[in-house]
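Trainee: Below is the structure I would like to discuss, written out as structure tokens.
Read-outs throughout are calculated quantities, based only on the coordinates presented, and are distinct from any laboratory measurement. No experiment lies behind these values; they were computed from the predicted model shown. Every residue, glycine among them, receives a Cβ derived from its backbone with ideal geometry; neighbour counts consider all protein chains shown.
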Amino acid sequence: MEKIEHTTVSTNGINMHVASIGSGPVVLFLHGFPDLWYSWRHQLLSFADLGYRAIAPDLRGYGDSDSPPSHESYTLLHIVGDLVGLLDSLGVDQVFLVGHDWGAIIAWWMCMIRPDRVKALVNMSVEFHPRNPSVKTVDAFKALFGEDYYICRFQEPGDIEEDFALVDMKKLVNGFFTSHNTRPPCIPKSVFKYLPDPPALPAWFTEQDVCFYADKFSQKGFTGGLNYYRAMNLSWELTAPWDGLQIKVPVKYITGDLDPTYHIPGTKEYIHDGGLKKHVPFLQEVVVMEGVGHFLQQEKPKEITDHIYGFFKKF
Amino acid sequence: MTSEVREKKIKTNGIWLNVAEKGDEGEPLVLLLHGFPETWFSWRHQIDFLSSHGYHVVAPDLRGYADSDSPPTHESYTVSHLVADVIGLLDHYGTAQAFVAGHDWGAIIGWSLCLFRPDRVKGFVSLSVPYSPRDPNLKPSDLFKSFGDGLYITQFQEPGRAEAAFAKHDCLTVMKKFLLTTRSDFWVAPPNTEIIDDLEVPSTLPDWITEEEIQVYADKFQKSGFTGPLNYYRAMDLNWEILAPWQGYKIVIPTKFIAGDKDIGNEGANGTIKYVKGEMFKSIVPNLEVVVIEDGHHFIQQEMSERVSQEILSFFNKLRNITE
């Protein structure tokens, strides 16, 4: 871990903290919510050993990167702009891209609008869904799952932050990362008044890991990460030019069968029966990992490294 | 001349656009995008010419103009909105790839279309406004500050300011001040002067436009106002933010740039013509032809209609391997 270098890169008007190691073709790892470069700690080391230069930023709003104050600075176009600037400052023309959770959404959109900068993509946990021109993103979730659905609860600035603050940070971190609950996360305010103690830490998530996340989110707060959700309807407006366009990059998609996103009604059929492939015609492989939850790259680091490497070495 | 032009309303990207059309629907589609402060009528000569030379011509009133919808706030006038409006039109006509020509703000929309959806553009002709690569360290409003408050773009920023200034003149006069301008500077008004007061109306009309034709514009703007059109300028900083992913992007689609040598911004050593003929522009738009029309001013497709029509036709025909 000490061999991982930490630098700050100036890109698209922000200072971005980047963790990197190794030399060779560049693999860019994009974390999700509420996460950090640290999610990829295992893959950074293993890809350096495999002859790649592995790079994992703290995305805008997270960790040691800048957090512009307004949610309007967190659209898909802002974040992709950050990454294009990052690649330009590294002098890298094309990358292998890996995304998880919000990082997967960013990765889909980077491939949509700048396919020329991506050699191949391994994406995890969140499939690509084309924009519905008739209904805004958050409005659609509200109609499907109600106003206590976590995406809806995340909208009002300050509201969910207040709820999170009622809970001990380490308990919150443990709850986020280790839960294997597959029900759609509806979190009415009452949930935070009495949150059951999470079970004992699993082997793959140590006390040290909990402390790392707890420290960073105690320093930084959750608002930066929450701003991605608050910018979803704005991103919906701004991505209208790409309605109907397919993603034309070679893709491998991986999810865990205990990931709550895999249990959203319709998802299994969408992934396995051709729905996803219609929009991502170069989708080459789909992997569902048994008994694995949302944070696959931490739960099964070696298997995920093998899956990613097995795909990228084809190019 | 415009009697056979069909006008209809098309729903696109959540709004209704009024669209003028002429020509056989089976022919390749040419999309014409007007500038500020104009309407599809600016393309009347090209609509007739191109449709009688084998093209299906489509010219919308852009968002905010004339008989098209005008969403109220400037946040709805980014290049993302404008390009999505255009994509919706192409989808309506079932056109996979279009020939596109844009003038002034229409050129900016065209350049943005080349960045966002190069897959939908066969070839692009821009009139008057070249592609300006984004400066990652300089927002448009900061760049404009260096020209002072007299710069028309700066004066167009504050909601209501330009509208109030324009309203001191009748619409016909406002239109004459714009359409008939022969100024080649960057349109900077003297201190404490609104640009609309600084622009002069010549004592006689030039031969390329009639009083009746100017009245066509005046009638439209009398009804729809200038806020929609001004909102394009008010969204310039937002556009700069949105365009971050295309930092340094090369536009490889075949393009042709046409301008008059007396167009706005051509005065002096650092003018537009010098820029488009330079190495920097060629490096980001490598597949480029440049045509400079002597004695041409800003509203070039009206002022030098035959020449512009021929230049557009020959370019699109060349891309189809047709020679006259």
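Trainee: Using the Cα centre as the reference, give the magnitude of the dipole from point charges on the C-beta atoms of chain B (Lys, Arg: +1; Asp, Glu: -1; all else neutral), rounded to the nearest 20 debye.
Mentor: Magnitude of the dipole: close to 940 debye.
Trainee: Right, another one. Of all DSSP beta bridges in chain A, what percent run antiparallel (nearest 5)?
Mentor: The antiparallel fraction comes to roughly 35 percent.
Trainee: Please give me the summed charge of the neighbours of A:PRO250: other residues whose Cβ is under 11 Å from its Cβ, Lys and Arg +1, Asp and Glu -1.
Mentor: That works out to +3.
Trainee: I want the local charge near A:GLU161. Using Cβ-Cβ distances under 14 Å, sum +1 for each Lys or Arg and -1 for each Asp or Glu among the other residues.
Mentor: After counting each charged neighbour, the total is 0.
Trainee: What does the net charge come to around A:VAL92 if you take all other residues with beta carbon closer than 11 Å to its beta carbon, with K and R at +1 and D and E at -1?
Mentor: Spelling it out: positives minus negatives among the neighbours equals +1.
Trainee: Identify all aspartates and glutamates with a Cα-Cα distance to B:LYS220 below 14 Å; exclude those on the same chain that are fewer than 8 residues away in sequence.
Mentor: B:GLU38, B:ASP61, B:ASP67, B:ASP69, B:ASP170, B:GLU212
Trainee: Okay, moving on. Enumerate the amide H contacts of A:LEU30 below 5 Å, restricted to partners 5 or more residues apart or on another chain; note that Pro and chain-start residues carry no placed amide H.
Mentor: The answer is A:VAL98, A:GLY99, A:HIS100.
Trainee: If I build a Gaussian network model for chain A, linking alpha-carbon pairs within less than 10 angstrom, which residue out of A:LEU195, A:LEU296, A:LEU36 has the largest mean-square fluctuation?
Mentor: Fluctuation is largest for A:LEU195.
Trainee: Report the far tail of the P(r) of the range B:169-239, meaning the percent of Cα-Cα pairs longer than 21 Å.
Mentor: Here the tail beyond 21 Å accounts for 36 percent of pairs.
Trainee: Using all Cα-Cα distances in chain B, what percent lands in each 10 angstrom bin from 0 up to the longest?
Mentor: 6, 27, 39, 24, 4, 0
Trainee: Moving on to the next point. Using a Förster radius of 45 Å, what is the FRET efficiency between A:PHE315 and B:ASP261 based on their Cβ-Cβ separation? Nearest 0.05, please.
Mentor: 0.35
Trainee: Return the distance in nm (one decimal) between the two label points of a simple spin-label model at A:ASP197 and A:VAL286, each offset 7 Å from Cα along Cα→Cβ.
Mentor: It works out to 4.1 nm between the two label points.
Trainee: Under unit Cβ charges (Lys, Arg +1; Asp, Glu -1), what dipole magnitude, rounded to 20 debye, does the protein assembly as shown have relative to its Cα centre?
Mentor: 1440 debye
Trainee: While we're on this one: With unit charges on the beta carbons (Lys and Arg positive, Asp and Glu negative) and the dipole taken about the Cα centre of chain A, which residue among A:VAL122, A:TRP37, A:VAL9 sits farthest to the positive side?
Mentor: A:VAL122
Trainee: Taking the Cα-to-Cβ direction at B:SER283 and at B:ASP207 and moving 7 Å from each Cα, how far apart do the two end points lie in nm?
Mentor: 4.5 nm
Trainee: From the cross-link list A:LYS136/B:LYS11; A:LYS252/A:LYS300; A:LYS119/B:LYS250; B:LYS11/B:LYS223; B:LYS250/B:LYS274; B:LYS11/B:LYS139, which pairs have alpha carbons spaced over 23 Å apart?
Mentor: Result: B:LYS11/B:LYS139 exceed 23 Å.
Trainee: Restricting to DSSP loop positions (anything but H, G, I, E, B) with no more than 15 other Cβ atoms inside 10 Å of their own Cβ, which trypsin sites (Lys or Arg not before Pro) remain in the range A:243-301?
Mentor: Hits after loop and neighbour filter: A:LYS248.
Trainee: Same structure again: Show which lysines lie in cross-link reach of A:LYS142 when reach means a straight Cα distance below 22 angstrom and same-chain residues fewer than eight apart are skipped.
Mentor: A:LYS142 reaches A:LYS189, A:LYS268.
Trainee: Could you order the peptides A:303-314, A:105-116 from most to least packed, using the average number of other C-beta atoms within 10 Å per residue?
Mentor: Ranked by mean Cβ neighbours within 10 Å, highest first: A:105-116, A:303-314.
Trainee: Need one number: nm distance between label points at B:THR73 and B:LYS168, each 7 Å from Cα along Cα→Cβ, rounded to one decimal.
Mentor: Simple spin-label model gives 3.1 nm for this pair.
Trainee: With a cut-off of 8 Å between alpha carbons and a minimum separation of six or more residues, what is the relative contact order of the range A:224-315 in percent?
Mentor: Once divided by the residue count of the range A:224-315, the mean separation gives 31 percent.
Trainee: Evaluate E = 1/(1 + (r/R0)^6) for B:GLN310 and B:ASP185, where r is the Cβ-Cβ distance and R0 equals 25 Å; express this FRET efficiency to the nearest 0.05.
Mentor: It comes to 0.30.
Trainee: If the cut-off is a Cα-Cα distance under 12 Å, which aspartates and glutamates reach B:LYS277, setting aside same-chain residues fewer than 8 apart in sequence?
Mentor: List returned: B:GLU289.
Trainee: Assuming R0 = 41 Å, can you tell me the calculated FRET efficiency for the pair B:ASP197 and B:SER132, based on Cβ-Cβ distance, to the nearest 0.05?
Mentor: It comes to 0.90.
Trainee: Could you tell me how far the Cα centroid of the range B:1-69 sits from the Cα centroid of the range B:216-278, in Å?
Mentor: Measuring centre to centre over Cα atoms gives 19 Å.
Trainee: I'd like the distance separating the alpha-carbon centroids of the range A:1-72 and the range A:270-315, in whole Å.
Mentor: 21 Å
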